[in-house]
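Okay, structure first, notes after.
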Amino acid sequence: MTPTQLHRHAAHDWWRGATLYQIYPRSFMDANGDGVGDIAGIIQRLDYLATLGVDAIWISPIFTSPMQDFGYDVSDYRDIDPLFGTLEDFTRLIARAHELGLAVIIDQVLSHSSDQHVWFRESRQSRDNDKADWYVWADPRPDGSAPNNWLAAFGGPAWTFDSRRCQYYLHNFLASQPDLNFHHPEVRQAQLDNLRFWLELGVDGFRFDTANFYFHDRALTDNPPSSDDYRSRGHPRSYQLLKHNADQPENLDYLEEIRALLDEYPGATSVGEVGGSDPLPAMAAYTAGQHRLHMAYTFDLLNSTGDAMALHAVLARFADHGDDAWPCWALSNHDVPRSASRWGSARALLALTVLCSLRGSLCLYQGEELGFEEAELSYAELQDPFGIALWPEVKGRDGCRTPMVWEPHRHGGFCADSPSPWLPVHVPHQSQAVSLQQEAPESLLNHVRQLLRLRGENTLLKTGQQTLISPSVLPKGVFGVIRHDRHQRMMCLANLGHQSGHNNSPVMLDLTALLGSRTLHGQCHDPIEIVSLPGMATPILEAGQLRLSPGMAAWLVVPADASRDQDG
């Protein structure tokens, strides 16, 4: 057992409050010069991640795949695609990561496979072979049309007709990603066996892709239409509620089977991706108690623009579902526009400071610590099938997947001069290269390192309880939470108002109203302590009034009996 695994054995809940770092392997580091990132490249850059201060890395899929959806279409669940390397390379990665104190979490795409997987190749041959019922097959309607109205994420029906079986098969995503039939016990067990393979190899856990899509409604009931506020122009599936092809009650039972397996490997953890039409209740249910997923995330914060009211609303809705659920909050990943573009590049550090204030585990996406904004690509440069199918209203996900920039030159140190990388390096990212920011004490990179260190050393921020401060008692544009345990409390505030020529005035917060007068009038033994935040000016506190400028955050350590429940 490695030193890291011994630590995990002693601290099974190491993941609680941990910071994960997502690696999109195609774009992280190319070591063999073919223009695509690989495992050897990740190994080369592990020291950088260790100095960043994260606890674990999450690696997007590296399994054998025809790459129709860049690894999220798996054709062999127990091998590495040659594009990325070999199983031997991967075991070297695990060993080196553990030497550096980094846990290794890998993606698992259980709900669907590639149509090139041997299971599907056999299943589609006939209606009576050994794998005939391993996928979701259904007869046409009397008029020959698809069995119901379910739509695929990338456009069009979620059904494709197969002439050999004269049936349709279900695919919630691409037609080359047929959905497995989790109502079949052999399918459930086969995927558990695949998970065990990687646990035996030494991984520390899994990120489960589309974790709420394992089961479907056996009756194949039509999905109802969605409301106008949910619909997204250019994205047809948003016009219906995913009521019958996701979030089925059987999902919870299977998550408990997965958790039972993980519990056989002390310290192994899990984080689930929960999409759909109403994901927050599912996210809470999937992480409730000690017998399901350890943590989960939704797209609610991944779509955030840094609006204080909207941020409070997301967290309040999640809090309504119980205190025992554990979130993994993220502002960026490989599926959404980068947070520096959504929040504004001037607020990149503010966004991460807010993230570090929240109860839960955190996940940073590669380049977020450098302040990367979304890249603009032409249609000819697109690789993502989502963007290609729905252009121009939906530009797809390539803008957040362009290569990491390690050095300030043409290919950014991501790959050799020839050939060109699989996606072009975004030219503005070159001025934000790792090598440049490493040497600049006041760079975003170095501020993020200090920020993660602050959070990592503070048990209150990592695992303390959380009370939201109602917007009704805060100035417009200010977001706040109180983190607390039995011994102390910390008030985390952020002025999310945009700095501009006509609106750059600070707000004044009356701490007497927020915390009570006993602290501020010297009747408590411990005074308020203002935490020095990296890259932030220290706010001014005078006579119970806190001055907070737009774009500024403040962490205030207050006596344990000084704050009141402010959520309402």
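Taking the Cα centre of the chain as origin, work out the dipole magnitude from +1 charges on Lys and Arg Cβ and -1 charges on Asp and Glu Cβ, in debye rounded to 20.
Numbers: 44 positive and 70 negative charges, 232 e Å.
That gives a dipole near 1120 debye.
Among Ala219, Thr287, Leu195, whose Cα lies farthest out toward the positive end of the dipole of the stretch 175-295, if unit charges sit on the beta carbon of Lys, Arg (+1) and Asp, Glu (-1)?
Ala219
Counting only C-alpha contacts under 8 Å and six or more residues apart, can you give the relative contact order of the stretch 1-131 as a whole percent?
Values: 204 pairs, mean separation 32.2, N = 131.
Result for the stretch 1-131 is 25 percent.
Going by Cα centres, the stretch 192-210 and the stretch 323-374 are how many Å apart?
Comparing the Cα centres of the stretch 192-210 and the stretch 323-374, I get a distance of 26 Å.
Based on DSSP, what percent of beta bridges with both residues in the chain are antiparallel, to the nearest 5?
60 percent
If you take the charge dipole of the chain about its Cα centre, with +1 on Lys and Arg Cβ and -1 on Asp and Glu Cβ, which of Asn129, Ile469, Val354 is farthest toward its positive end?
Toward the positive end, the furthest listed residue is Ile469.
For mean projected area of the Cα convex hull in nm², one of (1) 41.2; (2) 26.4; (3) 22.6 was computed from the structure I shared and the rest are decoys. Which label?
Given (1) 41.2; (2) 26.4; (3) 22.6, the calculated one carries the label (2).
Using the Karplus equation 6.51 cos²θ - 1.76 cosθ + 1.60 (θ = phi - 60°), what ³J(HN,Hα) coupling, rounded to whole Hz, does each residue of the stretch 427-434 give in order, writing x for Gly and Pro?
With coefficients 6.51, -1.76 and 1.60, one gets 3, x, 5, 4, 6, 10, 4, 3 Hz.
Given a cut-off of under 8 Å on Cα pairs at least six residues apart, what relative contact order in percent is computed for the chain? Numbers along the way, then the final one.
Details: 1219 pairs, mean separation 69.2, N = 568.
Rounded, it is 12 percent for the chain.
How many angstrom lie between the Cα centre of the stretch 430-469 and the Cα centre of the stretch 156-183?
44 Å
Relative contact order for the stretch 247-334: what is it in percent, counting Cα pairs under 8 Å that are at least 6 residues apart? Don't jump to the answer; show the numbers that get you there.
Working: 109 pairs, mean separation 27.6, N = 88.
Rounded, it is 31 percent for the stretch 247-334.
Quick one: which of 361-374, 264-277, 536-549, 39-52 comes out on top by average Cβ neighbours within 10 Å, and what's the full order, highest first?
Put in order of decreasing packing, that is 361-374, 264-277, 39-52, 536-549.
Arrange the peptides 453-459, 61-67 so that the one whose residues have, on average, the most other Cβ atoms within 10 Å appears first.
The most tightly packed comes first, giving 61-67, 453-459.
Of the peptides 141-153, 21-33, how do they stack up when ordered by the mean number of other Cβ atoms within 10 Å, highest first?
21-33, 141-153
Taking each full run of DSSP H in the chain as one helix, which ones are at least 20 Å long along their axis (Cα atoms) and have mean Kyte-Doolittle hydropathy of at least -1.0?
Membrane-span-like by this criterion, though nothing is claimed about a membrane: 185-201.
Nothing charged except the Cβ atoms of Lys and Arg (+1) and of Asp and Glu (-1): what's the magnitude of the dipole of the stretch 256-382 about its Cα centre? Round to the nearest 20 debye.
320 debye
Enumerate the amide H contacts of Thr269 below 5 Å, restricted to partners 5 or more residues apart or on another chain; note that Pro and chain-start residues carry no placed amide H.
When sequence neighbours closer than 5 places are left aside, the close amide H contacts are Gly205, Phe206.
Roughly how big is the stretch 40-182's charge dipole about its Cα centre, with Cβ charges of +1 (Lys, Arg) and -1 (Asp, Glu), in debye to the nearest 20?
Charge dipole of the stretch 40-182: 180 debye, to the nearest 20.
Computed from the coordinates by the stated procedures, all read-outs in this text should not be read as laboratory data. Keep in mind it's a predicted model, so treat the numbers as computed, not measured. Using ideal geometry, Cβ is built from the backbone for each residue, glycine included, and neighbour counts are taken over all protein chains shown.
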